[in-house]
1. Output the relative contact order of the chain, whole-number percent, from Cα pairs under 8 angstrom with separation of 6+ residues.
2. Viscosity 1.306 mPa s, temperature 10 °C: what is the translational diffusion coefficient of region 446-494 from Stokes-Einstein with a Kirkwood Rh over Cα pairs, rounded to a whole number of µm²/s?
3. So what's the back-of-envelope 222 nm ellipticity for the chain, counting only DSSP H runs of four-plus at -39500 (n - 2.57) apiece and dividing by all residues, rounded to 500?
4. Would you mind counting up the charge near Val557? Only other residues with Cβ under 14 Å from its Cβ, with Lys and Arg at +1 and Asp and Glu at -1.
5. Rounded to the nearest 0.05, what FRET efficiency do Asn536 and Val212 give with R0 = 41 Å and r taken as the Cβ-Cβ distance? Could you check?
6. Given R₀ = 41 Å, what would the calculated FRET efficiency be for Lys148 paired with Trp324, taking r from the Cβ atoms and rounding to 0.05?
7. Testing the spin-label approximation: label points 7 Å from Cα along Cα→Cβ at Leu402 and Asp76. State their distance in nm.
8. Using only Cα atoms and rounding to the nearest 10 degrees, what angle (0 to 90) does helix 349-358 make with the longest principal axis of the chain?
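The values are calculated or read from the model by the stated rules, or taken from the named source; none is laboratory data. Computed from a predicted model, the values in this text were never measured in an experiment. In this analysis, Cβ positions are derived from the backbone assuming ideal geometry, glycine residues included, and neighbour counts consider all displayed protein chains. Accessible surface areas use protein heavy atoms only, side chains included; no ligands, DNA or RNA. Shrake-Rupley method; radii C 1.70, N 1.55, O 1.52, S 1.80 Å.
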Amino acid sequence: MVLEQRKGKEMRDVGDEEKWVYDSSVDHKGRVPLRASTGVWKASLFIIAIEFSERLSYFGIATSLIIYLTKVIHQDLKTAARSVNYWAGVTTLMPLLGGFIADAYLGRFSTVLVSCIAYLLGLLLLTMSWFVPSLKACDADVCDEPRKIHEVVFFLAIYLVSIGTGGHKPSLESFGADQFDDDHSEERKKKMSFFNWWNFGLCCGLLFGVTVVVYVQDHVNWGAADIILALVMAWSLLIFIIGRPYYRYRVPSGSPLTPMLQVLVAAISKRKLPHPSNPADLYEVPKSQKAQGRLLCHTKKLKFLDRAAIIEDNENSIDKQNPWRLATVTKVEEMKLVLNMIPIWLATLPFGICVAQASTFFIKQGATMNRNIGNFVIPPASIFSLAAIGMIISVTIYEKVLVPALRKTTGNERGIKILQRIGIGMAFSVATMVVAALVERKRLAAVKKDPVHGSLSMSVFWLAPQFVIIGAGDGFALVGLQEYFYDQVPDSMRSLGIAFYLSVIGAANFLSSLLITLVDHVTEKGGKSWFGKDLNSSRLDNFYWLLAIMTMANLCVYMFLAKRYSYKNIQSLAVANCNEEDDNAGSMA
């Protein structure tokens, strides 16, 4: 009889969990979300729609920026490349601040809302810089020397877009992933597809940005393109607000950095204590008393930090309530997670440097080549669409073909581990640089034969292989990095996790600028710089070979780190899961 009552209670509990979402999220009225009417794809589609608009705007600006700086602002090639890299660097590092604010104070929905308004203001200012007479570059159609006020307003506008991206990008992507419950098997499987389809939407936005928007920039003017971007962003902001009743929200829980500092202080204060032989002796809040969040299993790495969870003989109940004296195993493991990410973050920077070339030198190469298809002239930045096509094909094949097949082979819910996916993408970046070097050498040979028309004798589609390969690699590496940094950070830091992924690209853009300056200085001292006044007097092929060698050497280091990496391991009802150390044991994100 008692057994039957217990089974009945378990069945009611299961039914209750099917109806309601118990993952610490709330609905728009602050209540426990109803599973049937909130979250999953019904909410994520609103979120992917605004990402489409943001990417359309971002790439519409980013891919043509180097052309604008050289033609309108009259910067030379090196200065323009540095300006683009600095802007891209700021744009992708700002999310560190935006992600922190979202996780700690504003929440993800509010941060996205405020950021979109800042983004829209930047687009409106860009439009004004073209149409307001006193802010225009000059009164003539072609400017020999642009007005200083135009430069100031232009750069103010694009950096306002950077600020908007800083809050929008990490918060929106993590907000989208929050719509799936990790503890629900069906939703967890759907969440595995979220990042793939998120990037599919991103690439569609990119594709429209570098074709339709860039075409308008080239054949009408920048002002007309800016109007389109502003209208699209305003419309997508309205769509995002309409979806409010369908979203699941995470309540901000204060600075996620404070618990890590507490672990460090507690570990240092107990540095002289012997490490317990049994990890079960370390302090942890019983699962039944855990108010929110998930408990992590103990791992053997970074044992020094375990001392923060040692219960001293003289420790009373009051001491246990002081997080600066005693930390739980979960808090210690969260600290370990962040520290374990640092080597991986560093090892992905050379890949980011390769990606940075696609929006600078690759575009500039396209501008010097034959872009005619009959009577139609392809805008230089539109060649970037091939990277988007490569990524769309890569993501689709991975999602629809590789994952189902690999799940059967490996038994892994993802098909392959996250770091393996990133490593495959990094191998693509090596191939990209090799192909880019060979194509550039051929172009320079044509220029040597005919200095005036040599480059025009080559079709711009000679650049297609390097764009498609880097795009296909992004389908593995960039999507993998998004999954990795969202999934492997503590649950309270998921906006910051996406910011960490973006910071790889941001830091890589700054490193790319630094590398250009360094190589320019060294090669100039050796006789002739690899970076001349224009592409025809430069040796970009040598620079690409250098990047290929650097990335290949780094890939070997990355493989060593990935093999030794321990994934996040979530406690479940089956305690035995704590003995597993693969990425299936953790949350799926």
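1. On the way: 968 pairs, mean separation 120.7, N = 589.
The value is 20 percent.
2. Values: Rh = 14.1 Å.
Calculated translational D: 113 µm²/s.
3. Working: 19 runs with 368 residues, N = 589.
Value at 222 nm, helices only: -21500 deg cm²/dmol.
4. Values: positive: Lys563, Arg564; negative: none.
Counting the neighbours of Val557, the net charge comes to +2.
5. Details: r = 31 Å, r/R0 = 0.75.
About 0.85, to the nearest 0.05.
6. Values: r = 53 Å, r/R0 = 1.30.
Rounded to the nearest 0.05, the efficiency is 0.15.
7. With each label placed 7 Å out from Cα toward Cβ, I get 4.3 nm.
8. That helix lies at roughly 40 degrees to the long axis.
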